[in-house]
Structures are given as C-alpha cells and as structure tokens.
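The values are calculated or read from the model by the stated rules, or taken from the named source; none is laboratory data. On a predicted model such as this, the values are computed, not experimentally measured, just so you know. A quick note on method: Cβ atoms are made from the backbone with ideal geometry, for glycine too, and the neighbour counts reach across all protein chains shown.
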Amino acid sequence: MAKAPVNKATDTDKKTVLVTFKKNWTRYSPGDIAGFDEPVATKLVEQLKVAELYEETPADTTEGKKE
C-alpha cells in the first residue's frame, strides 16, 4: 500500500514561543519548558494561567563558558 504524499505546510513562518509551566497541564509538569505557536502560548499564559513566558537566564547559555 502506497503512502500519501507529504505536503509542506504553507505557513512555515509561524513564530514559536517558549513557555515555562507553573502548574500541571496535560503531559507537562511545573518547570517544564515547551514551545508553542503564538496563539497557543498566549492562551496558556493569559487565559489558563498554567505557564509563563520563558526567560533565558545567563546560566542557560553556553556563551562565556570556558572549559
């Protein structure tokens, strides 16, 4: 049986927004970081209040680390 052809999404320029979960939500636990399309991230943060926007801290980056 042949597989159906895969079509590339027409809108690949969607912005991914990272959020940090504050509460359990579906499979996510507090402290989990995940990326969502902007409308979904906004809903999680503003309406459901289960997450907050992820803010990168200096410890999260590898810049400036010397081995």
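Worth pointing out:
- Picking from residues in the stretch 48-67 that are outside any loop (DSSP other than H, G, I, E, B) and under 19 Å from THR16 (Cβ atoms), the one that is modelled with the lowest pLDDT is ASP60.
- Test: residue in the stretch 12-35 that is in a loop (DSSP other than H, G, I, E, B), loosely packed, with under 10 Cβ neighbours inside 10 Å and at pLDDT below 70: yes
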